Amino acid sequence: MTIRRVRYIIFLRDVLILSVSAFGGPQAHIAMFLDMLVKKRAYLSETDLIELFALCQILPGPTSTQTITALGYKIGGSKLAYLTLLVWALPAVLLMMAAALTVDVFNDQNISLEFLRYVQPMAVGIVAYSAYRISSSVVSSTEGYLLMAFAAVCSFYLRSPYAFPVLLLLGGFITAFKYKQQPESEKLPLNINWTHFITWAAVLSVAGIFGTFFNFLPVKIFENFYRNGSLIFGGGQVLIPLFFTELVEFKEWLTSEEFISGYALVQAVPGPTFSFAAYLGALIMSDWGMGGQILGGLLAAAGIFLPGTFLIFFVSKFWEDIKRYRMIKASLEGINAVSSGLVIAATLYLLEPIPISGTNYGLILGTFGTLFFTKIPAPFVIFSGLIMGFVIS
């Protein structure tokens, strides 16, 4: 077995460990990526990871999924990248499909989901800790702190997924004028491969045509999730209001109770938050039997994950060449600062739906303090919340 193949196997094993232990969405995932991929394995530098994370936030799609898939692409090309996507997403997708298959049983047996009530405040504590870690790592100048604060305030009050890429681009534009402070480096001609962009556009067009003219539910599911996956900025939390409006209120494919139950369950599932799509797809196909539900879950998962994957493959190919330009290097300071501000705003945004109680705020502060003062991994903190919920419920 070649050294390269051994390295690929070790990388995929690391991805699998992350996929079954990473809770809390992209802002929490990035802290675990820093520990596993940067500090432990040194696949890339901390700055490179933060820059890649910021690049993925500019693009539509699941941020943490794009980040780890792009790393697989950088290490081993397209084949390793698609394996990375599969290993990273499949555990969460299977868990959420299983949740969809059993949600009717929960309802029939009157089994309460109260045991999940401690997971959400703990997730907020994890996100808050991620905000601290990221901001302390990449923000060091006065302009950076001002941009971080500006981005946090704007993204919190604007509440639009389109605010994320606009703020990131604005931050990069502002610090780009500091390009003279950057050392000169050799500029290479850009060699853009349009294959993945054309693939993304072709699938979007074909799915749209078939979804419009053929009244076949599996096709409509794939088209719906692929289209939304091509438009969603800002992470998994953006899925909730968008899909609730379209799938529950407009198309009436799901009841509000089914939707909310799935949202509660996805808080306790590791891996990408976009796996929520597998739950929705499976429930939409509930009249087709178990086989139909599995098909619906897989189609929804493919639809939500593929657009962002195609786009990050397209952009990451020439990202290293673009970074050689001094103005681009300077712009990364602003992008990183704004990215930190968005994580801070996400903490405040996720805090709002948490019921005001001493227990919840104690869990948030306790989670933050545990991660700050100890080396206890975040998954163990979450599992302790699940156990506590079971015992008290």
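Against the conditions (1) of a type in the set (S, T, N, Q); (2) modelled with pLDDT under 85; (3) surrounded by 15 or more Cβ atoms within 10 Å (Cβ to Cβ); (4) over 28 Å from Val127 (Cβ atoms), Thr175 satisfies every one except (4). Taking the criterion of being assigned to a helix (DSSP H, G or I) and free of Cβ contacts under 8 Å to residues at least 60 places away in the same chain, the only residue of the stretch 336-358 that qualifies is Gly358.
For Pro270, the conditions (1) assigned to a helix (DSSP H, G or I); (2) under 21 Å from Ala89 (Cβ atoms) are fulfilled apart from (1).
For the stretch 7-35, a residue qualifies if it is among the aliphatic types (A, V, I, L, M), assigned to a helix (DSSP H, G or I) and either at pLDDT below 85 or closer than 23 Å to Gly61 by Cα (or both), and the qualifying residues are Leu12, Val15, Leu16, Ile17, Leu18, Ala28, Ile30, Ala31, Met32, Leu34.
Whether any residue in the stretch 99-108 is closer than 26 Å to Phe197 by Cα, more than 15 Å from the chain's Cα centre (by Cα) and modelled with pLDDT of 80 or more is what I want to check.
No.
Here the stretch 47-68 is the region considered, the condition is being in a loop (DSSP other than H, G, I, E, B) and modelled with pLDDT under 80, and the residue that is nearest to Leu306 (Cα to Cα) is Gly61.
Which residue out of Lys39, Lys79, Lys74 is surrounded by fewer than 19 Cβ atoms within 10 Å (Cβ to Cβ), among the basic types (Lys, Arg) and within 22 Å of Lys329 (Cα to Cα)? Give the steps one after another, and end with the answer.
Values: Lys39 fails: within 22 Å of Lys329 (Cα to Cα); Lys79 fails: within 22 Å of Lys329 (Cα to Cα).
That would be Lys74, the only listed residue that is surrounded by fewer than 19 Cβ atoms within 10 Å (Cβ to Cβ), among the basic types (Lys, Arg) and within 22 Å of Lys329 (Cα to Cα).
The values are calculated or read from the model by the stated rules, or taken from the named source; none is laboratory data. Since we're looking at a predicted model, the values are computed, not measured. Using ideal geometry, Cβ is built from the backbone for each residue, glycine included, and neighbour counts are taken over all protein chains shown.
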